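K.L.:
One structure, pasted below without further comment.
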Amino acid sequence: MKLLLKLSVVFFVILTGCQKPTEKIEKGTPISPYLFGQNLWLTDKAEGRKGYIQESLWDKVEASGAKIIRIGGNGYEHKMPSMDTLEMWVKTIKKIGAEPLFQVSRLESASRAAELVKHFNQNDSLKIKYWSIGNEPYGMAKWSIDTISTMIKTYSIAMKAVDPDIKIFIPDGASYYNDLYEALLLSDEKSVAGRAPNGYWYIDGVSFHTYPNGKDYTRADVIFNSVDKVRGQILSLKEDVEASNIKYNRTGGCCACLGLNRI
């Protein structure tokens, strides 16, 4: 188990309710089965270095109780694994009782993303419900918010034209950048939280990555400081999501979700 923890990346999905922040909740909010998951990374040579994925780890992932497994990362942006490999992963994920979350590359095209949705979702044994578009497009990647917004809309329209029932999470920023997330959720010009011309919601949830500790850190950083930092980021994004749900009248099952992906 020590090996698994050393080599794995954690994935959390936190479903936000549609209650107003001041509304009294009489009963406990149900916890999503996807609260804890796993990142399927790193494939061998995917980023010019040795990969960590081993068949021997699947039993340990199953035993951990993870219910969602993300297929994605920086390497997949530049070189997607072969279709045979992707199919094997999807089948294995389903075999251990989890759901795949499949990242399409922002460096390819919307038509290619749609082809992937069609390939997997026309087959019940490979069908994927959760999808994401790109990996860490803001910050080091230096994509503008305008470019990211346009890319998400273009990809979403193409992907949901193939299967309108899929759930799309965006933008998997390298951190919680309030200017990026507020624009994508609340800006009249750049928001992707509303409906597309085809009537479908562009996106179904937002997620971000966080790396709270640098190369040098103490036990206190891990136990206290990093936890406070991540909590603050989650609460800030939660406010953005709730405001966006109100602005676009997203209620019930249409509410956008919040995810912390990769910590």
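K.L.:
Can you pull out every residue in segment 184-229 that is assigned to a helix (DSSP H, G or I) and either within 15 Å of the chain's Cα centre (by Cα) or closer than 27 Å to Cys254 by Cβ (or both)?
P.N.:
In the first step, residues of segment 184-229 are kept if they are assigned to a helix (DSSP H, G or I); the result is 184-186, 219-229.
Within segment 184-229, Leu184, Leu185, Leu186 qualify.
K.L.:
Next up: Report, by residue number, each residue of segment 196-230 that is under 25 Å from Tyr138 (Cα atoms), loosely packed, with under 12 Cβ neighbours inside 10 Å and either in contact (Cβ under 8 Å) with a residue 40 or more places away in the chain or of a type in the set (A, V, I, L, M, F, W, C) (or both).
P.N.:
Correct list: Tyr211 only.
K.L.:
Something else about it: Within segment 97-113, how many residues are without any contact (Cβ under 8 Å) to a residue 60 or more places away in the chain and farther than 17 Å from Val206 by Cα?
P.N.:
Selection size over segment 97-113: 8.
K.L.:
Would segment 208-221 turn up any residue that is modelled with pLDDT of 95 or more and among the hydrophobic types (A, V, I, L, M, F, W, C)? Let's see the steps before the verdict.
P.N.:
Residues of segment 208-221 that are modelled with pLDDT of 95 or more, as a first pass: none.
No - not one qualifying residue is present in segment 208-221.
K.L.:
Also: What is the number of the single condition among (1) among the polar types (S, T, N, Q); (2) part of a loop (DSSP other than H, G, I, E, B); (3) touching a Ser or Thr at 6+ places or on another chain (Cβ under 9 Å) that Gln233 does not meet?
P.N.:
With (1) among the polar types (S, T, N, Q); (2) part of a loop (DSSP other than H, G, I, E, B); (3) touching a Ser or Thr at 6+ places or on another chain (Cβ under 9 Å) applied to Gln233, the lone miss is (2).
K.L.:
While we're here: Go through (1) in contact with a Pro (Cβ under 9 Å, 6 or more places away or on another chain); (2) farther than 25 Å from Asn74 by Cα; (3) not in a helix (DSSP H, G or I) and name the single condition Asn249 misses.
P.N.:
All conditions are met except number (1).
K.L.:
Identify the residue in segment 153-163 that is of a type outside the set (Val, Ile, Thr) and assigned to a helix (DSSP H, G or I) and, among all such residues, is surrounded by the most Cβ atoms within 10 Å (Cβ to Cβ).
P.N.:
Initial filter on segment 153-163 (of a type outside the set (Val, Ile, Thr)): 153, 155-156, 158-161, 163.
Within this subset, residues satisfying the condition of being assigned to a helix (DSSP H, G or I) are 153, 155-156, 158-161.
Numbers: Lys153: 19, Tyr155: 28, Ser156: 25, Ala158: 18, Met159: 25, Lys160: 24, Ala161: 15.
Here the answer is Tyr155.
K.L.:
How do the strands (runs of 3 or more DSSP E) wholly within segment 1-111 filter down when requiring 3 or more residues that are surrounded by 12 or more Cβ atoms within 10 Å (Cβ to Cβ), among the hydrophobic types (A, V, I, L, M, F, W, C) and modelled with pLDDT of 75 or more: which remain? Break it down into steps so the answer makes sense when it comes.
P.N.:
Working: elements: 9-14, 37-40, 68-71, 99-104.
In segment 1-111, the matching strands (runs of 3 or more DSSP E) lie at 68-71, 99-104.
K.L.:
Does segment 124-136 contain any residue that is in a strand (DSSP E or B) and basic (Lys, Arg)? Spell out how you get there, then give the answer.
P.N.:
Within segment 124-136, the subset in a strand (DSSP E or B) is 130-133.
Those still in the list that are basic (Lys, Arg) too: none.
For segment 124-136, residues in a strand (DSSP E or B) and basic (Lys, Arg): absent.
K.L.:
List the number of the failed condition for Thr150; all other conditions in (1) on the phi < 0 side of the Ramachandran plot; (2) within 19 Å of the chain's Cα centre (by Cα); (3) in contact (Cβ under 8 Å) with a residue 12 or more places away in the chain; (4) not in a loop (DSSP other than H, G, I, E, B) hold.
P.N.:
For Thr150, the exception is condition (3).
K.L.:
Could you tell me whether any residue of segment 164-176 is out of contact with any Ser or Thr (no Cβ under 9 Å at 6 or more places or on another chain), buried (at least 22 other Cβ atoms within 10 Å of the Cβ), within 16 Å of Gly134 (Cβ to Cβ) and of a type outside the set (A, V, I, L, M)?
P.N.:
Step one: filter segment 164-176 for residues out of contact with any Ser or Thr (no Cβ under 9 Å at 6 or more places or on another chain), giving 164-167.
From the residues that got through so far, the ones that are buried (at least 22 other Cβ atoms within 10 Å of the Cβ) too are none.
Looking for residues that are out of contact with any Ser or Thr (no Cβ under 9 Å at 6 or more places or on another chain), buried (at least 22 other Cβ atoms within 10 Å of the Cβ), within 16 Å of Gly134 (Cβ to Cβ) and of a type outside the set (A, V, I, L, M), one finds none in segment 164-176, hence no.
The values are calculated or read from the model by the stated rules, or taken from the named source; none is laboratory data. This is a predicted model, so every value here is computed, not measured. Note: ideal-geometry Cβ built from the backbone for every residue, glycine included; neighbour counts use all protein chains shown.
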